[in-house]
Amino acid sequence: MKLDTTGLDNFIDEKAIWGIVNQNADASTGRVQEILDKALEAKGLTLEETACLLQTEDPELNEAILETAGKVKQAIYGKRVVLFAPLYITNECSNRCAYCGFKDTNTELVRRTLNPAEIKKEVSILEDIGHKRLLLVYGEHPKFGGDWIAETVRTVYETVSEKSGEIRRVNINCAPLDVEGFRKLHEVGIGTYQCFQETYHPQTYAELHPRGHKKHFLWRLHAMHRAMEAGIDDVGMGALLGLYDYRFDIIALLAHAAELEKRFGVGPHTLSFPRLEPALNSDIAFNPPYPISDTQFKRLVAVLRLAVPFTGLILSTRENKEMRRELLDIGVSQLSAGSRTYPGAYSDPNFDRPEVQQFCVGDNRNLDEVIQEIVQHGYTPSWCTACYREGRTGEEFMKLAKNGFIQNFCRPNALLTFNEYLQDYASEATRDVGHKLIQDEVEKGSGTCQKNLEDRLSRIEQGERDLYL
Ligand code: SAM
Ligand code: SF4
């Protein structure tokens, strides 16, 4: 891989970001109300408006922010929530990120890279419990280039389980590649390319990433530019919260999104906002230098929902089940479930071992338990991959999303994939609550879409699979 940072500009202007944060602290009640009224139109917010909401400490106004975010979320996404699982392919890594259990100096970590047979085994297990969407995760090492990563993706797509399962969308979280490398990933049919900047504050970034390719801030900052240049138009970005002041990192993250939109006509498909979790032999992971409270975290998620209403917000199992339930109501649209964070974990009966995992998870429930709770909470789990398979990605997807498409297509498609889950994988208790939810949803609808939905729901019951609108 050619790692070349000459000519790469830092489009994140540190002074300007701090200016926006500082000039929008202590806003009046009237200004916050004004911004919330605008946010209800679901057209997004400026960085200044976002900074203002992000720093609203008044408990009543805070409540109003969460409530407004809930309304916007409901209007755009309805009650559907997309589910996926991470699949760790390798924890070998030559970088030295201070917060990560996979860093090169962590000699206590048991290192492992899955071979094709082991990948197939993991994938089969995930398919047999009902997963259709995976996020493949990799450490960064010179021996893993674009070709090698693409081959692991091919292996996943080729693994079709006897129990009627196949993976329909493979997303990737790997270190930034060059354009050639990204082209290999595009050719093999990845969904979203995901990579977090961790922190947008250059000095903090330099201190926390002293070694390996990852020490090059600008190389990482331009990862999405290269991915898009290579034809990948769904990209996922994020910041690791706890490393630096979250107000700076969130405004910078949105500035990054705006830069992509300006340059390529489309911003990120998803955003992630992981909080630091304990990791083996990492002091900083146990004691984050900039801890973020639950109240700040919830507000931040609600503000993101208002700032970029059509961008997917992803929540992992780093958070516990109570927090996951609350965030679903105010902004999150995708959840990972039943996750394990090391290579070979799904085939491992003793999976809760710190000496192998990247970090500790906060929600250890299995997929069926998560689904049952989601349904009881009024949500429809979805494994829909229709848009991606019909080429409705990037700018095309955003255009459709802004015209009510999500309610008319994503909702019925969620019900169709959920019905598949109930037929093939659900426990009896989940099946009971699930059938009731589908029945209630069907009774609510009308029109041509509805007729198509009912027809396909009954075809699924008769054994057909992978039907969508
Ligand atoms: N190695 C690639 C990279 O660094 O971009 C991709 C995989 S890395 C395992 C995925 C993400 O995990 C990182 O981008 C980081 O944000 C997150 N992460 C690392 N250590 C963590 C910790 N202790 N708690 C929470 N998230 C962590
Ligand atoms: Fe390696 Fe990624 Fe962990 Fe850094 S965050 S040590 S690059 S796996």
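The values are calculated or read from the model by the stated rules, or taken from the named source; none is laboratory data. Because the structure is predicted, anything quoted here is derived from the model rather than measured. Using ideal geometry, Cβ is built from the backbone for each residue, glycine included, and neighbour counts are taken over all protein chains shown. Side chains are part of the model used for accessible areas, which takes the heavy atoms of the whole protein and leaves out ligands, DNA and RNA. Shrake-Rupley method; radii C 1.70, N 1.55, O 1.52, S 1.80 Å.
Here Glu322 and Glu63 are evaluated by their C-beta separation; at R0 = 30 Å the FRET efficiency comes out at 0.95. 5 Å is the cut-off here: which amide hydrogens, built 1.01 Å from N in the peptide plane, fall below it relative to Leu241, excluding neighbours closer than 5 in sequence? For Leu241, the qualifying residues are Arg275, Leu276. In the distance distribution for the chain, Cα-Cα pairs more than 30 Å apart total 43 percent. Restricting attention to segment 123-256, lysine pairs at least eight places apart or on different chains and with alpha-carbon atoms under 22 angstrom apart total 5. Lysines within cross-link reach of Lys71: Cα-Cα under 17 Å, excluding same-chain residues under 8 positions apart? Answer for Lys71, where 17 Å is the Cα cut-off: Lys38, Lys43, Lys79, Lys298, Lys402, listed by chain and number.
Using Cβ point charges alone (K and R +1, D and E -1), the dipole size of segment 74-387 about the Cα centre works out to roughly 400 debye. Karplus-derived 3J(HN,Hα) values for segment 41-51, using 6.51 cos²θ - 1.76 cosθ + 1.60 with θ = phi - 60°, are 6, 6, 10, x, 10, 6, 5, 5, 5, 4, 4 Hz; glycine and proline are entered as x.
One quarter of the surface of the convex hull around the alpha-carbon atoms of segment 405-461 equals 3.6 nm², the direction-averaged projected area. Coupling constants for segment 373-385 follow from the phi torsions by the Karplus curve (6.51 cos²θ - 1.76 cosθ + 1.60, θ = phi - 60°), and in residue order they are 5, 4, 5, 4, 8, x, 9, 9, x, 9, 10, 4, 10 Hz; glycine and proline get x.
Under 18 Å of direct C-alpha separation, and excluding same-chain neighbours fewer than eight residues apart, Lys2 reaches these aspartates and glutamates: Glu140, Asp147, Asp178, Glu180, Glu229.
In segment 336-469, Rg over Rh equals 1.04, where Rg is the alpha-carbon radius of gyration and Rh the Kirkwood radius from pairwise Cα distances. DSSP bridge analysis restricted to the chain gives an antiparallel fraction near 10%, rounded to the nearest 5. Are there GluC sites (Glu not before Pro) in segment 330-406 that DSSP marks as loop and that have at most 16 other Cβ atoms within 10 Å, and which are they? Taking segment 330-406 and a limit of 16 other Cβ atoms within 10 Å, the loop GluC sites (Glu not before Pro) found are Glu355, Glu390. Taking the chain as a whole, the Cys residues whose C-beta sits 4.7 Å or farther from every other Cys C-beta are Cys52, Cys93, Cys174, Cys195, Cys360, Cys384, Cys387, Cys410, Cys449.
When the surface is traced with a 1.4 Å probe over the full set of protein chains, Arg275 keeps roughly 30 Å² accessible. Label points 7 Å out from Cα along the Cβ direction at Gln462 and Glu48: separation in nm? Roughly 6.1 nm, to one decimal.
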